[in-house]
Amino acid sequence: MVLVAVFGVALLVAVLVSGLAARSILSTSLLFLLAGAAVGDGALGLVHIAPDSPLVTATADLALFTVLFTDGMHVSFPSLRAAWRNPARALGIGMPLAFAGVAVLTHYLVGLDWTTSLLVGAVLSPTDPVFASAIVGRKEVPARLRQLLNVESGLNDGLALPVVLVLITAAGPLHAEGNGSLGVVGLELAGGLALGVVVPLLVTAVVRLPGLGAEPRLQPLGPLAVGIVLYAACHLTGANPYLAAFAAGAVLASSAPQTAHAFEPLGEALAELSKFAALLVFGALLTPALFGGLSVSGYVVVVLAIVLIRPASLLISLLGTRIDRRERWVAAWFGPKGFASVVYGLLVLQAGIPQGEQAYTLIAVCIAVSIAVHSSSDVPIARLFHVDDLIGIPDDEDDDTAEAVEGRDPQPPVPEPAADPETGPQDDTDLQSKEPRRART
């Protein structure tokens, strides 16, 4: 109950300072992380949570599922068809380069064997836009940059999972419930994708039957019910819940856009709550003993993974694209480690592999540093694009591509005499009404 009380107090403080956080480097995500650390065994000792506690695994797992489900609703298939090349480069080139780079540093600087080093690289290769929400959730940031980061982070969690499971199997014995064979991993991924597509399509088809339909005030609960059923189905069948969550969100956004739009406020609130809860629990694990258990060379790996490996790998993957230099650097910088890495790091710790504790310490410290750094730097960098938006500097991409990335049909420029040059279009159909700005985290 102490943890619940701390969560309530931290939530109230986060709400009260959210206005200031939206205009400064203050981060509510970091607030919950620090609150968890303050009440954990490393400080006041009011809450006792072990890394292998089911509470830790459950909160991180549920938070990741919820965030991916809501993020998937921001990526409809028409926009994917219009702007798939840059995310594909990030996933097909940038992610493997980051994976390999972290693994090489871990092996030669920390001294872990190659299998465990590759495992650390796989765990830290996924990115999470939740801790850079001022980038992916603001209209003034170019659409293709938001699209790149959102799609990349939504898909790389599921892509990293099979590699993590296979490497855990190769590194040492699993618990009885674990299984990382290639065949099982393939079935988990295929099952997650199938459930993520089939479940929302079936529900959408049922809703369209004569005599059925949701009352407006209950309409937001439809996608929530889909998410709950999907989460349970994945865990009952062993399917990959993260790939299923992102796929289901995208399918709902394309097959039932009105329903998805009605769910947005509720979905964003649920994602924020689950994220804050997971951060609080994860923060309780960040004790002085954990940070003291990492060697100096381990801290070198953490710093290089954040400031060198991720930026270099994404910059290489975007060579030859039409993204301008500033957007490339912003995309390269915002590679925060998030809930996927937390969940996969816990799998490593709980698997009982010979160097599992060393690997988990490195992973946990890297995640904590990444959350602090990335969630505190998104607003200042987003303001760079806001300045351009205010003075009306046109984008380098042609207008048709920009319209397609935003999910709209290309339209010729039409004068709008009623629009104020400072506040922009006043029409209710403006894109901002279709894509609400995500709260600063």
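Some notes on this structure:
- Taken about its Cα centre, the stretch 208-323 carries a charge dipole of about 220 debye when Lys and Arg each add +1 at the Cβ and Asp and Glu each add -1 at the Cβ.
- For V229 and S18, a Förster radius of 30 Å and the Cβ-Cβ distance give a FRET efficiency of 0.40, rounded to the nearest 0.05.
- Assigned charges on the beta-carbon of Lys, Arg, Asp, Glu; the stretch 316-362 dipole about Cα centre (debye): 300
- Rounded to whole Hz, the Karplus (6.51, -1.76, 1.60) HN-Hα couplings of the stretch 204-219, x for glycine and proline: 4, 5, 5, 4, 7, 5, x, x, 10, x, 8, 5, x, 6, 9, 4
- Across the stretch 312-324, computed HN-Hα scalar couplings (Karplus, 6.51 cos²θ - 1.76 cosθ + 1.60, θ = phi - 60°) run 5, 5, 6, 4, 5, 5, 9, 4, x, 8, 8, 5, 6 Hz from first to last residue, x flagging Gly and Pro.
- Cα gyration tensor shape of the stretch 252-312, rounded if a/c is under 1.5, else prolate or oblate by comparing a/b with b/c: oblate
- Accessible surface ranking that places the most exposed of R328, R208, R322, R144 first, with a 1.4 angstrom probe: R208, R322, R328, R144
- Cβ-defined net charge surrounding A331, 12 Å radius [Lys, Arg +1; Asp, Glu -1]: +4
- Rounded to whole Hz, the Karplus (6.51, -1.76, 1.60) HN-Hα couplings of the stretch 161-171, x for glycine and proline: 4, x, 5, 4, 5, 5, 6, 4, 4, 6, 7
- Spin-label model, T321/T287: points 7 Å from Cα along the beta carbon direction are separated by 4.2 nm.
- For the stretch 154-293: rounded, prolate or oblate by the Cα gyration tensor [a/c cutoff 1.5]: oblate
- Per residue, the accessible area of the stretch 311-369 comes to 32 Å² when a 1.4 Å probe rolls over the protein heavy atoms.
- Relative contact order %, the stretch 86-129, counting alpha carbon pairs below 8 Å whose residues are six or more apart: 41
- Descending by average beta-carbon neighbour count within 10 Å, the peptides 36-48, 91-103, 155-167 line up as 155-167, 91-103, 36-48, the highest first.
- Solvent exposure of W333, expressed as accessible area, is near 60 Å², computed with a probe of 1.4 Å over the protein chains only.
- Full-stretch length increase - L212, V104 - with 0.36 nm per residue and alpha-carbon distance subtracted: 33.2 nm
The values are calculated or read from the model by the stated rules, or taken from the named source; none is laboratory data. Keep in mind that what you see is a predicted model, and the values were worked out from it rather than measured. Note: ideal-geometry Cβ built from the backbone for every residue, glycine included; neighbour counts use all protein chains shown. Please note that ligands, DNA and RNA were not included when accessible areas were found on the heavy atoms of the full protein model with its side chains. Shrake-Rupley method; radii C 1.70, N 1.55, O 1.52, S 1.80 Å.
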